[in-house]
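The values are calculated or read from the model by the stated rules, or taken from the named source; none is laboratory data. Just so it is clear, the model here is predicted, and its values are computed rather than measured. Here the Cβ positions follow ideal geometry from the backbone for every residue, glycine too, while neighbour counts run over all protein chains shown.
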Amino acid sequence: MTTGANRIMDEFAKLMTDAAGAAQGVRKEIETAFNAQAERWLNTLDIVKREEFEVVREMAIKARDENDALLARIAALEEKLAAKGK
């Protein structure tokens, strides 16, 4: 009799494990489908991706730094030119 009860419990445990695995698989499929749909929707909104934004941001920072350096060079050259003119 104990063997029968243990067998039923083992079968029940196996069934629950299989059900949990199936539920996890379904969850992953739903997440994948949701992410794909969300990406399609975002692509229609003309929104830039974070990676693209970061690249452009870095380019803007570099351009600003170069602009500041060029402005400093121009000021130094104008100062030098003004000193020669006196």
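What is the number of the single condition among (1) part of a helix (DSSP H, G or I); (2) surrounded by 10 or more Cβ atoms within 10 Å (Cβ to Cβ) that R40 does not meet?
The number of the failed condition is (2).
Looking at (1) surrounded by 10 or more Cβ atoms within 10 Å (Cβ to Cβ); (2) assigned to a helix (DSSP H, G or I), find the lone condition where I47 falls short.
For I47, the failing item is (2).
What residue, of A5, A33, A19, is surrounded by fewer than 10 Cβ atoms within 10 Å (Cβ to Cβ) and assigned to a helix (DSSP H, G or I)?
A5
Take L81 and decide whether it is modelled with pLDDT under 95, at negative phi and loosely packed, with under 10 Cβ neighbours inside 10 Å.
Values: modelled with pLDDT under 95: yes; at negative phi: yes; loosely packed, with under 10 Cβ neighbours inside 10 Å: yes.
Taking the combined requirement at face value, the residue satisfies it.
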